[in-house]
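Here is the structure we will look at.
The values are calculated or read from the model by the stated rules, or taken from the named source; none is laboratory data. Bear in mind that the values here come from a model prediction, so they are computed numbers and not experimental data. In this analysis, Cβ positions are derived from the backbone assuming ideal geometry, glycine residues included, and neighbour counts consider all displayed protein chains.
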Amino acid sequence: MRMLRVTIFTLSIIGVSGCLSSSSNLNEKARIRQTVNSVGTYADQRQWNKLKKVFADKVLLDYRSMTGQKASMLTPNQIIASWKFLEGFDKTHHFMSNHKIKISVNKATVFSYVYAVHYIKNHKPWIVYGSYNHELVKKNGHKYKKIATQLRWMAIFLHPQGDLNPCCRNENPVS
């Protein structure tokens, strides 16, 4: 314990103390990271009721770089309705990584990369790679207030008989 105090004191003298985080800050970042990751996990597992609980009453959903549609303020039910197209896939996997978390008093902003694979048996997958800018508010834990996507690249493979990727049918667009 004495060595730890001396090390922290030495680091603060040479100006490195800003790199150290308190355990409560690390715990809060872990909870935020878990909330961010749970969005993809719950969507992949089609656990819509659990997914609904991670959102604030209204969320700014911005997929302009991927869909061309303008950003919209949506309720959790509207978001889930717009994501139910995922049920048309046999499997999906949304992997978020490299989280950069900034915490202020009542909110957190998070940058993360996303790699998403959408699979239909006997067809090539629809793959999306990009980044997210998340904004969460502190309210009974952390709740999503904003999700904005920056598409890096996307591969959509079409079946010779037509478009079998339900994401591209745009049957029920959200405005």
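Quick look at the values:
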read-out	value
Of all residues making up the range 126-148, the number that are of a type in the set (D, E, K, R) and more than 16 Å from MET73 (Cβ to Cβ)	2
Check on VAL128, under 12 Å from the mean Cα position of the chain (by Cα), closer than 23 Å to LEU60 by Cβ and not acidic (Asp, Glu)	no
Only listed residue being among the basic types (Lys, Arg), in contact with a helix residue (DSSP H, G or I) (Cβ under 7 Å, 6 or more places away or on another chain) and modelled with pLDDT of 50 or more, chosen from LYS50, LYS29	LYS50
Some residue of the range 1-23 being surrounded by 14 or more Cβ atoms within 10 Å (Cβ to Cβ) and either within 30 Å of PHE95 (Cβ to Cβ) or modelled with pLDDT of 75 or more (or both)	no
